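Take a look at the structure set out below.
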Amino acid sequence: MSTMEQARLADVAPDAADLGATDLGATDLGAAAEEQMAKIVTELGAALGVLLTSLGTRSGLWAALAGAGPLTTAQVAAKVSVEPSLVREWLRAQAAGGYLDYDPATAMFTLPDAVAAVICDGPGGALVDAAATMLSSMGEGFPAFSEAFSSGRGFGWHQRTAAHWHGTDAFTRVALPDDLIAAVIGAMGDVAAVLTAGGSVADVGCGYGTPTMAIAGQYPAARVLGIDYHDASIAHSRAEATRRGVTNVRFEVADASGLPGQGYDLITFFDSLHDLGDPVGALTRARAAVAPSGAVLLVEPLGADRVEDNLNPPGRMFYAVSALACTPNAVSQKTPTSSEPLGLAGEQRLRATAAGAGFGRVRRLDVPAPVNLVLELRP
């Protein structure tokens with residue numbers, strides 16, 4: 001590299017706008033275009049940051065920093081027995097992302113208590129780690145997915161890898177913990193009493209069966225069925241129920257329209273209705289299968305009714321997951337007579353879908369579900 005070239009690179013400011021305008025040769029971009037280029041660079045850092053944050057959980061770096069006060073790179077590396085140069089770049093990346101405080105006078109890094117509370121003690125670290133698992137699977141299968149997306153065929157759950165299924169289940173464990181499921185059913189009043197005395201439950205689109213087994217464990221006298229069209233998920237659920245010794249639950253391969261049996265006291269859709277190719281059809285079958293005194297529990301992502309009210313960071317995350325996973329699965333299941341896939345739907349759209357399936361009463365449950373909307377449907 002010539003001296004002139006070195007001088008030119010040395011003059012480049014380290015912010016994203018300058019990176020976009022100078023490094024990429026866009027010397028005559030207007031301010032608005034430069035702003036968009038800066039946004040793209042920021043996006044790249046954030047996307048890669050998901051993997052880095054997960055790496056910190058898996059390598060023990062977050063735990064080593066928590067409550068330890070200011071530490072040098074060498075001190076952090078010694079705590080986790082990781083090559084110092086690797087730790088150095090990880091620490092700097094997290095400081096650039098705003099998760100670590102950096103003191104240039106001492107070259108020390110500090111993990112703020114608030115960040116530790118979310119990543120180490122709260123759900124943040126587990127959510128990011130689950131997302132990293134799903135993203136790694138999406139990256140591996142992206143050529144096939146992008147071709148299917150472009151062709152309009154959709155992309156089914158069965159076309160994903162086991163890493164994607166495991167990552168989604170890990171995300172479910174954080175978003176829908178056992179105590180939240182207990183609170184939701186408890187808020188349904190008479191349903192909880194019926195299940196305590198016995199009763200029957202069907203969980204539609206159960207996946208790996210985490211919420212299904214939570215209900216079975218909370219109501220040991222109840223008979224619980226989990227169904228999913230995906231045979232590998234059902235095989236995993238059966239093995240997990242056996243491993244845990246849960247004897248009042250069974251799992252069957254069936255799609256939502258083929259829900260077996262009648263007279264259920266409770267039918268649940270835990271973050272699954274938006275994944276289905278015919279949501280009205282699925283709820284219509286549930287309406288026919290639920291007992292006259294029973295209820296359907298609908299748990300969906302917490303979206304607003306108007307698109308403009310979802311144009312924020314949470315809405316962006318939900319729309320992204322919907323575009324990359326949920327809606328492609330729904331499209332892969334569509335038939336000429338199917339209702340339209342839901343995507344990210346707000347309360348009014350969900351109420352209209354329930355009404356289209358014949359439900360006369362819909363009640364929103366006031367429960368501590370930070371990322372979900374919870375509705376109780378009655379015949």
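Numbers below:
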quantity	calculated
Residues within the stretch 199-212 that are outside any strand (DSSP E or B) and either among the polar types (S, T, N, Q) or more than 19 Å from the chain's Cα centre (by Cα) (or both), tallied	3
Subset of the stretch 239-264 [in contact (Cβ under 8 Å) with a residue 24 or more places away in the chain, open to solvent by 50 Å² or more (accessible area, probe 1.4 Å) and not in a strand (DSSP E or B)]	ARG244, ASP255, SER257, GLN262
Qualifying positions in the stretch 307-339 - over 26 Å from VAL184 (Cβ atoms), surrounded by fewer than 19 Cβ atoms within 10 Å (Cβ to Cβ), of a type outside the set (Val, Ile, Thr) and touching a residue at least 40 places away in the same chain (Cβ under 8 Å)	LEU324, SER332, LYS334, SER338
The stretch 362-379 residues that are in contact (Cβ under 8 Å) with a residue 12 or more places away in the chain and within 16 Å of ALA295 (Cβ to Cβ), paired with ones that are among the aromatic types (Phe, Trp, Tyr) and part of a loop (DSSP other than H, G, I, E, B) (beta carbon under 7 Å, 6 or more apart)	LEU377/PHE359; ARG378/PHE359; PRO379/PHE359
Cβ pairs under 7 Å, 6+ apart, first in the stretch 106-131 and more than 16 Å from ALA93 (Cα to Cα) and part of a loop (DSSP other than H, G, I, E, B), second at pLDDT 95 or above and open to solvent by 50 Å² or more (accessible area, probe 1.4 Å)	THR106/PRO70
Test: residue in the stretch 32-52 that is modelled with pLDDT of 95 or more, open to solvent by 40 Å² or more (accessible area, probe 1.4 Å), of a type in the set (S, T, N, Q) and more than 30 Å from PRO370 (Cβ to Cβ)	no
Residue satisfying all of: in the stretch 213-231; open to solvent by 10 Å² or more (accessible area, probe 1.4 Å) and in a strand (DSSP E or B); nearest to ASP265 (Cα to Cα) among these	ARG223
Counted residues, the stretch 89-113 - those being within 21 Å of ALA46 (Cβ to Cβ) and of a type in the set (D, E, K, R)	3
Filter result for SER146 (of a type in the set (Gly, Ala, Ser), surrounded by 16 or more Cβ atoms within 10 Å (Cβ to Cβ) and closer than 30 Å to LEU276 by Cβ)	no
Search result, residues across the stretch 124-137 that are under 17 Å from LEU48 (Cβ atoms) and surrounded by fewer than 18 Cβ atoms within 10 Å (Cβ to Cβ)	SER136
Verdict on ASP278 being open to solvent by 40 Å² or more (accessible area, probe 1.4 Å), over 24 Å from LEU135 (Cα atoms) and modelled with pLDDT of 95 or more	yes
Any hit, the stretch 150-162, residues being exposed (fewer than 15 other Cβ atoms within 10 Å of the Cβ), under 22 Å from the mean Cα position of the chain (by Cα) and either assigned to a helix (DSSP H, G or I) or acidic (Asp, Glu) (or both)	yes
Test for THR196: is it open to solvent by 50 Å² or more (accessible area, probe 1.4 Å), closer than 30 Å to ARG378 by Cα and in a helix (DSSP H, G or I)	yes
Residue within the stretch 335-344 that is modelled with pLDDT of 95 or more and touching a strand residue (DSSP E or B) at 6+ places or on another chain (Cβ under 7 Å) present	yes
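Table: residues versus (1) closer than 21 Å to ASN372 by Cα; (2) within 21 Å of the chain's Cα centre (by Cα); (3) small (Gly, Ala, Ser).
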residue: ALA216; (1), (2), (3): no, no, yes
residue: ASP231; (1), (2), (3): no, no, no
residue: ARG238; (1), (2), (3): no, no, no
residue: VAL253; (1), (2), (3): no, no, no
residue: ASP271; (1), (2), (3): yes, yes, no
residue: ALA291; (1), (2), (3): no, no, yes
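The values are calculated or read from the model by the stated rules, or taken from the named source; none is laboratory data. As the structure is a prediction and not an experimental result, all values here were calculated from the model. Because the Cβ atoms are built from the backbone with ideal geometry, glycine has one as well, and the counts that use them run over all protein chains shown. Side chains included, ligands, DNA and RNA excluded: accessible areas come from the protein's heavy atoms. Shrake-Rupley method; radii C 1.70, N 1.55, O 1.52, S 1.80 Å.
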